[in-house]
Amino acid sequence: MIQLLINCSSCDLYWIISEKFQEVYVPAHNISIDEFLLMWKGRLGFKQYIPLKRARFGVKSFMLCEDSSYTFSFKIYTGKENVAPRAQELSLSERVVVDLMQPLLQKAYHLYTDNWCTSLPLYRYLCRQGTLACGTVQSNRKGFPEQVKSAQLRRDELIACRSDELLAIKFKVKKVVFMLNTIHDDSVVHRPDRRHQISARQSQPVLLTTTNTWVALTALISC
């Protein structure tokens, strides 16, 4: 079936299946977007190479899923020309998210993303569309607060900066994590240590815990 979709990605079959996925099921409140690589060894003009994926070479798709692993919507990437023209002020990766989210905007969903698409313009756009979001972000994204980016932290320390609806966070666990968020505040949860005792030294932001959960669930499909 998937191979048939590859050969007919622009025909009616693709759109019929995509629409049926959305007609027969209403996703839960928390959803996530990730990329999926279907291994493909044949000749194909839009074959992609993603070294971090298990398949490495194949057909790239973007999938919007919920915690049950149900795929609500998906998009086969055949090039820049197949990305919807809406929200022209956003980048290509940001418009892919908007395209997948279109049926769910203005319905108070919570979206979790990874650093491929997380950005300040996208999160502001989603917030205006009644959708809150949370995800890891690359520190070199345009507009990310310099005071957060350059802060020197010790393990389990956190710094946050809020601008209107956006909360930017830098947190150090084993490595430094940068996040953007319009869902949670900057509160932390304390994790048990090796002796199963709760310690203030073993802490991490609530938003990091929830984001890891939702992105990991989506990655079960996209690995």
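The values are calculated or read from the model by the stated rules, or taken from the named source; none is laboratory data. Nothing here was measured: the structure is a model prediction, and the numbers come from that model. Note: ideal-geometry Cβ built from the backbone for every residue, glycine included; neighbour counts use all protein chains shown.
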Practice problem: Could you check how many residues of the range 160-175 are within 13 Å of Leu120 (Cβ to Cβ), of a type in the set (D, E, K, R) and not in a loop (DSSP other than H, G, I, E, B)? | Solution: 1
Quiz prompt | Test for Val189: is it at pLDDT 85 or above, within 21 Å of His110 (Cα to Cα) and in a strand (DSSP E or B) | solution = no
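When you go through Gln152, Gln129 one by one, which is the residue that is closer than 29 Å to Ser68 by Cα and at pLDDT 80 or above?
Values: Gln152 fails: closer than 29 Å to Ser68 by Cα.
Result: Gln129 is the single residue among Gln152, Gln129 that is closer than 29 Å to Ser68 by Cα and at pLDDT 80 or above.
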Self-check item: From the options Phe36, Phe21, residue that is modelled with pLDDT of 80 or more and surrounded by fewer than 18 Cβ atoms within 10 Å (Cβ to Cβ)
Solution: Phe21
Exercise. Could you please let me know if Tyr77 is touching a Lys or Arg at 6+ places or on another chain (Cβ under 8 Å), modelled with pLDDT under 80 and surrounded by 17 or more Cβ atoms within 10 Å (Cβ to Cβ)?
Key: yes
Quiz prompt | Condition broken by Val137, with the remaining ones in (1) farther than 26 Å from Glu89 by Cα; (2) under 16 Å from the mean Cα position of the chain (by Cα); (3) hydrophobic (A, V, I, L, M, F, W, C) satisfied | solution = (1)
Exercise. Look through the range 110-124, keep the residues that are in a loop (DSSP other than H, G, I, E, B) and out of contact with any strand residue (DSSP E or B) (no Cβ under 6 Å at 6 or more places or on another chain), and return whichever of them is modelled with the highest pLDDT.
Key: Ser119
Self-check item: The listed residue being in contact with a helix residue (DSSP H, G or I) (Cβ under 9 Å, 6 or more places away or on another chain) and surrounded by 20 or more Cβ atoms within 10 Å (Cβ to Cβ), out of Gly135, Gly143
Solution: Gly135
